[in-house]
Amino acid sequence: MSDEAPETKPERVLIVEDNEHAAYLLRTLLERAGYSVVVSPDGRDALEKLASMEPVDLVMLDLMLPYVSGYQVLIEARQNPKWQRVPIIVVTARTLEMDAVRALETGANDFVRKPFSPEELIARVRRAIELQRSAA
């Protein structure tokens, strides 16, 4: 009998971000915090991932995406039974209050404006995953 605790898999995060620099920054922050990361470069690819892959523990979603908007990705995620309970944090350069209200009313769990504090963003990620796990 082993005294070792069972190995736990790192939480998985899907980043939907078309800006390569922003995607790299988010990926680096999350990986350094111990998360496993998948990156989707546009809305169309994000919808394909929603249809083909197992749900992740959290989605970080930009609103301004090529091909399919972040709002549409958010709607599709909330209509997909496998993905509807996955926390979604919108991370966007859009700064208008109406953008935050629309994203939250469409189903986002949180709204973060760029530029953001790395420490605050990681704290929001941790909290969103904890809340989803405790609700399950």
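Just to be sure I understand the curve: with the Debye formula and one point per C-alpha of the chain, what is log10 I(q)/I(0) at q = 0.10, 0.22 Å⁻¹?
-0.31, -1.52
Helix 97-106: angle to the longest alpha-carbon principal axis of the chain, degrees 0 to 90, nearest 10?
The angle comes out at about 60 degrees.
Work out, step by step, the length gained on full extension between Thr95 and Glu54: first 0.36 nm times the residue separation, then minus their alpha carbon distance; give nm to one decimal. Working shown, then result.
Values: separation 41, 0.36 × 41 = 14.76 nm, distance 3.17 nm.
That works out to 11.6 nm of additional length.
What is the gain in length, in nm to one decimal, between Glu120 and Arg133 on full extension, counting 0.36 nm per residue of separation less the C-alpha to C-alpha distance? Don't jump to the answer; show the numbers that get you there.
Values: separation 13, 0.36 × 13 = 4.68 nm, distance 2.00 nm.
Going from the current span to full extension adds 2.7 nm.
If you take the beta carbon distance between Ile75 and Glu31 as r and set R0 to 25 Å, what does 1/(1 + (r/R0)^6) give as a FRET efficiency, to the nearest 0.05?
Working: r = 29 Å, r/R0 = 1.15.
For Ile75 and Glu31, the calculated efficiency is 0.30.
Going down the table (Lys9/Lys49; Lys9/Lys82; Lys49/Lys82), which pairs top 22 Å between alpha carbons? Intermediate values should be presented prior to the final figure.
Values: Lys9/Lys49 20 Å; Lys9/Lys82 20 Å; Lys49/Lys82 12 Å.
Cα-Cα > 22 Å for no pair; all within.
Express the carbon and sulfur contribution to the solvent-accessible surface of segment 2-136 as a percent, rounded to the nearest whole number, probe 1.4 angstrom. It would help to have the intermediate numbers written out before the result.
On the way: 3870 of 7760 Å².
Carbon and sulfur: 50 percent of the exposed surface of segment 2-136.
Based on DSSP H runs of at least 4 residues, each adding -39500 (n - 2.57), what is the mean residue ellipticity at 222 nm of the chain after dividing by all its residues, to the nearest 500 deg cm²/dmol?
-14000 deg cm²/dmol
The values are calculated or read from the model by the stated rules, or taken from the named source; none is laboratory data. These numbers come from a predicted model, not from an experiment. Cβ sites come from the backbone with ideal geometry, for glycine too, and all protein chains shown count toward neighbours. With ligands, DNA and RNA removed, areas are computed over all heavy atoms of the protein, side chains included. Shrake-Rupley method; radii C 1.70, N 1.55, O 1.52, S 1.80 Å.
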